[in-house]
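First comes the structure, then the notes that go with it.
The values are calculated or read from the model by the stated rules, or taken from the named source; none is laboratory data. Being a predicted model, the structure only gives us computed values, none of them experimental. Heads up, the Cβs are rebuilt from the backbone with ideal geometry, glycines too, and the neighbour counts pull from every protein chain shown.
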2 protein chains.
Amino acid sequence: MSKVITPKEQDYSQWYNDLVIKAGLADHSAVKGCMVIKPYGYAIWERMQAVLDGMFKATGHSNAYFPLFIPKSFFAKEAAHVDGFAKECAVVTHYRLKNTPEGLIVDPDAKLDEELIVRPTSETIIWNTYKGWIQSYRDLPLLINQWANVVRWEMRTRLFLRTAEFLWQEGHTAHATQQEAIVEAEKMLDVYTEFAEKWMSMPVIKGTKTASERFAGALETYCIEAMMQDGKALQAGTSHFLGQNFAKAFDVKFLNKEGKSEHVWATSWGVSTRLMGALVMTHSDNEGLVLPPQLAPQQVVIIPIYKGDEQLAQINEVVSKITKTFDADGVRYKYDSTDHHSPGWKFAEYELKGVPIRLAIGARDLEKGTIEVHRRDTRTKQFVPIEGIEKFVKNMLDEISTNLYKKAEELRTNNSHKANTYEEFKEILDKKSGFVWAHWDGTSETEEKIKDDTKATIRCIPLNNTQEEGKCIYSGKPSKQRVIFAKAY
Amino acid sequence: MSKVITPKEQDYSQWYNDLVIKAGLADHSAVKGCMVIKPYGYAIWERMQAVLDGMFKATGHSNAYFPLFIPKSFFAKEAAHVDGFAKECAVVTHYRLKNTPEGLIVDPDAKLDEELIVRPTSETIIWNTYKGWIQSYRDLPLLINQWANVVRWEMRTRLFLRTAEFLWQEGHTAHATQQEAIVEAEKMLDVYTEFAEKWMSMPVIKGTKTASERFAGALETYCIEAMMQDGKALQAGTSHFLGQNFAKAFDVKFLNKEGKSEHVWATSWGVSTRLMGALVMTHSDNEGLVLPPQLAPQQVVIIPIYKGDEQLAQINEVVSKITKTFDADGVRYKYDSTDHHSPGWKFAEYELKGVPIRLAIGARDLEKGTIEVHRRDTRTKQFVPIEGIEKFVKNMLDEISTNLYKKAEELRTNNSHKANTYEEFKEILDKKSGFVWAHWDGTSETEEKIKDDTKATIRCIPLNNTQEEGKCIYSGKPSKQRVIFAKAY
């Protein structure tokens, strides 16, 4: 069978890739580094979008849409920003092709006066626009989000985790005061945390990035960090306090209540299709995807096992009663009574696709008044009375959701270590992987040297972190708290 | 007041532009030809998306996502397609910028081996992908839709109607037989028709395009044509039967039930943010937008008229009962009790924004137990008992919806003419504008000459058209049916 997945113990990276492709989440495309998101993968992304969009609106944000292209000169206006993105920009230089006897060429007469950059992120074009929208304190706060595609040219790509083009949302807000902007940045970090934990069943640690890991142009970058099953960290969302950097670069001022002109304060925040990679790597196993019921396109698949039309008709009747209740309860299900494939093939297929619960029902089950219930996360099965099956399924969906979170949390606990010396630190990273909590002297130099040495980076300085005296594992200089080091995606 | 709109009788084009900008639907951006869709405009587009997406799913389609970029060589594979799009392609030639002492430049060392085109439409990249997805008749039909941004470089742009970048959906389906593909193309035209008429309150005529107006690469282009208030036509959606052109260009074959290899049959179909322009120009007036309740972000605005907190508290209490019912009934409303602006300012603002119904409630109304109801489409007002206001509002929303459709239909009837001679034809176009039903000899030459002469194009050959003997108005050659000529957006 071509759908066999490389076991993760054998080759974690190949396991991930097999899974994404064989479960029908995404494909490589003919364009280097760009992926195709297939219908099943896109259905999960659509659910993520719907939930996040609802959370953004509930916190007062509106959606809008800004141009795909950014004039090159805009990038030059914020120094840190251009340094951060210049090396990965797709650049549009011409606006016409031309058929010639030698074939289709780029028309040399259609060269743009100023090159356009395909947005890698939209701070510059948006703040250039905000200049026209903000005059007075009455126009603030401006709370806007955009769902969009962005392009960051990458040489080494991996489906969902690192692609040249990806889909994301980017919030861009404008505020009258520094304090308000910081509150906003933290609030959106909380929204991301709730989404990760409640909807993805994925525990995360909230923190701030070190100066060298900050978003290009931010004064503070907040992040949530999750641990994948191989112990590596994955940054699942970021929220930036941008200070007045972009307001100054694009000259966006407002008249405050006292009639004084001031620069506006800014935040931006985003999550992307990278979350799909995080979802896969947090819960899945060697049989395929394991999806939390909250995000699964289908929460239940029902498979009839029958010989002949008469048996199928009897099963259909029982199933139609069950699905009626599912409809009323908002349970997402699929009844797969097609005869292209055998029940065994279907069992394997829906396990691969991570459907949380499988119900199988055959002639003998009808006689006994039972149904076979298979649970994807634990891969256990049991027979359950048809009477009341709907409630049983609903409870089991909740259990699965809770169990997935717990398992992920346990994994993180088991793979979190304290290191007090550099030797210890390196040994843990070599032998155990995971998160290493260690003291650090707060300098970029030390951070850089540890990274060069071990490939581990500081994932975050946790919020509300325990304060304790200690010594930097590398320099021995004094430190007041441990930070989280890990190898990361 | 800066929100005054140029009357449409004075300058229709300026009226449209004023309206789009002043009602907060969209803005010009710093990138030539690209627009910014502002929150209010985007909220309408989101409702359009949600409704259309539901209709696509109800007809069996799934969403997916394909790359933004298309390798140049892909375009060359379908001859008609490249001819149609080569002249308006944004071309990515480099993938890096570089900071130099002279400023930020495109890094000459980062030139792509093959240039990438920002998709103007996705047939080529999608059919290149489908090659890997389709092997057997069991893989068909493949019914996929994509929501995306596309770029067609335009020199003369107008907000929503013609922009270099726009948002749209593009359906791309693959079928085992010609007949099935034709049925699909016609089915999606029906979906668009239902959307236009039921959700936009905009009557449309279904038809096919002439050969010269067909989509580049299609064997048949179906379209819906609407009439704007100035009598011009606007193509509101198209659905294409692509035959086997793209399957042949990208070598997409399947094994049929008999085990024989055949090329796949294709359709594609799309509507775009152009519909926003159609919506504005179908219903709006000199006071601002007029939105059909089905698509209005807010269907009702409630404005309290009060002096002091005590009066406001009394009004709040009454309003909260009304809005509770609105919530239960799914009526979208806004209660604007902010005191930034006067009631008069608010009245004008929500008229400008096209909110279908305005409820104003003051202290005297409370005494009398009535509420002032203002209807945006007719600009009439009346006092209505508070008791039962919810039902009254719901009925009025339905009436508005029906009335908008009727008014648009009347406009179209009053501006549809038959012309039997070329003199008559030209006179109508000069003096009356609108749709002109006339006989045509079926040749592209005649079509072209009439266009050069009068700027009118054949908008469509209506489906189920009345068959009648006649003579081409231009060439005098025999014709079996009238087609619709008009000047168009």
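Go through segment A:111-140 and report how many residues are farther than 18 Å from B:Asp27 by Cα, of a type outside the set (D, E, K, R) and assigned to a helix (DSSP H, G or I). Spell out the reasoning first.
So the first thing to find is which residues in segment A:111-140 are farther than 18 Å from B:Asp27 by Cα, and the list is A:111-121, A:136-138, A:140.
Within this subset, residues satisfying the condition of being of a type outside the set (D, E, K, R) are A:112, A:116-118, A:120-121, A:136-137, A:140.
From the residues that got through so far, the ones that are assigned to a helix (DSSP H, G or I) too are A:137.
Residues flagged as farther than 18 Å from B:Asp27 by Cα, of a type outside the set (D, E, K, R) and assigned to a helix (DSSP H, G or I) within segment A:111-140 amount to 1.
Against the conditions (1) in contact with a Lys or Arg (Cβ under 8 Å, 6 or more places away or on another chain); (2) crowded, with 24+ Cβ neighbours inside 10 Å, where does A:Gln294 fall short? Just the number, please.
Failed condition: (2).
Residues checked against (1) in contact with an Asp or Glu (Cβ under 9 Å, 6 or more places away or on another chain); (2) outside the structural domain of A:Ala164 (by TED's automatic domain parsing):
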{"site": "A:Pro101", "(1), (2)": "no, yes"}
{"site": "A:Val106", "(1), (2)": "yes, yes"}
{"site": "A:Asp109", "(1), (2)": "no, yes"}
{"site": "A:Leu112", "(1), (2)": "no, yes"}
{"site": "A:Ile126", "(1), (2)": "yes, no"}
{"site": "A:Thr129", "(1), (2)": "yes, no"}
{"site": "A:Trp133", "(1), (2)": "yes, no"}
{"site": "A:Leu140", "(1), (2)": "yes, no"}
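For residues in segment B:84-110 being more than 10 Å from chain A (Cβ to nearest Cβ) and under 30 Å from B:Met155 (Cα atoms), which is surrounded by the most Cβ atoms within 10 Å (Cβ to Cβ)? Even if it seems obvious, please write down each step before you answer.
Step one: of segment B:84-110, the residues more than 10 Å from chain A (Cβ to nearest Cβ) are B:84, B:100-102, B:108-109.
Narrowing further to those that are under 30 Å from B:Met155 (Cα atoms): B:84, B:108.
Details: B:Gly84: 18, B:Pro108: 9.
This residue is B:Gly84.
Checking the condition in the same structural domain as A:Asp53 (by TED's automatic domain parsing) and modelled with pLDDT of 95 or more, which residue from A:Thr325, A:Thr267 passes?
On the way: A:Thr325 fails: in the same structural domain as A:Asp53 (by TED's automatic domain parsing).
From the options A:Thr325, A:Thr267, the qualifying one is A:Thr267.
Of all residues in segment B:9-39 being of a type in the set (Val, Ile, Thr) and either touching a helix residue (DSSP H, G or I) at 6+ places or on another chain (Cβ under 8 Å) or surrounded by 18 or more Cβ atoms within 10 Å (Cβ to Cβ) (or both), which is farthest from B:Tyr350 (Cα to Cα)?
B:Val31
Give me a count of the residues in segment A:20-76 that are more than 8 Å from chain B (Cβ to nearest Cβ), under 20 Å from A:Asn145 (Cα atoms) and of a type in the set (A, V, I, L, M).
Qualifying residue count for the region: 6.
Here is a list: B:Thr129, B:Thr121. Which entry is buried (at least 18 other Cβ atoms within 10 Å of the Cβ), more than 10 Å from chain A (Cβ to nearest Cβ) and modelled with pLDDT of 95 or more? I'd like the intermediate steps shown before the answer.
On the way: B:Thr129 fails: more than 10 Å from chain A (Cβ to nearest Cβ).
Only one candidate qualifies: B:Thr121.
Since B:Val36 meets every condition but one in (1) in a helix (DSSP H, G or I); (2) at pLDDT 95 or above; (3) of a type in the set (A, V, I, L, M), which condition does it not meet?
All conditions pass for B:Val36, except number (1).
Results for (1) under 19 Å from B:Gln169 (Cα atoms); (2) not in a loop (DSSP other than H, G, I, E, B); (3) not acidic (Asp, Glu), shown as yes or no for each residue.
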| residue | (1), (2), (3) |
| --- | --- |
| B:Thr6 | no, no, yes |
| B:Ile21 | no, yes, yes |
| B:Tyr42 | yes, yes, yes |
| B:Asp109 | no, no, no |
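Scan segment A:141-156 for residues that are in a loop (DSSP other than H, G, I, E, B) and within 12 Å of another protein chain (Cβ to nearest Cβ) and jot them down. Please lay out each step first, then the result.
Pass one, segment A:141-156, residues in a loop (DSSP other than H, G, I, E, B): A:141, A:152-156.
Passing the criteria: A:Arg152, A:Trp153, A:Glu154, A:Met155.
Okay, residues lined up against (1) out of contact with any strand residue (DSSP E or B) (no Cβ under 6 Å at 6 or more places or on another chain); (2) farther than 30 Å from B:Ser320 by Cβ:
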site	(1), (2)
B:Glu399	yes, no
B:Lys407	yes, yes
B:Leu429	yes, yes
B:Asp453	yes, yes
B:Ile461	no, yes
B:Thr466	yes, yes
B:Gly470	no, yes
B:Tyr474	yes, yes
B:Tyr489	no, yes
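Please note which strands (runs of 3 or more DSSP E) are completely contained in segment A:401-489 and include at least 1 residues that are of a type in the set (Val, Ile, Thr).
A:435-439, A:457-462, A:482-486
Looking at A:Gly207, A:Gly171, which is the one that is under 19 Å from A:Gln244 (Cα atoms) and either among the acidic types (Asp, Glu) or not in a helix (DSSP H, G or I) (or both)?
On the way: A:Gly207 fails: under 19 Å from A:Gln244 (Cα atoms).
None of the others qualify; the one that does is A:Gly171.
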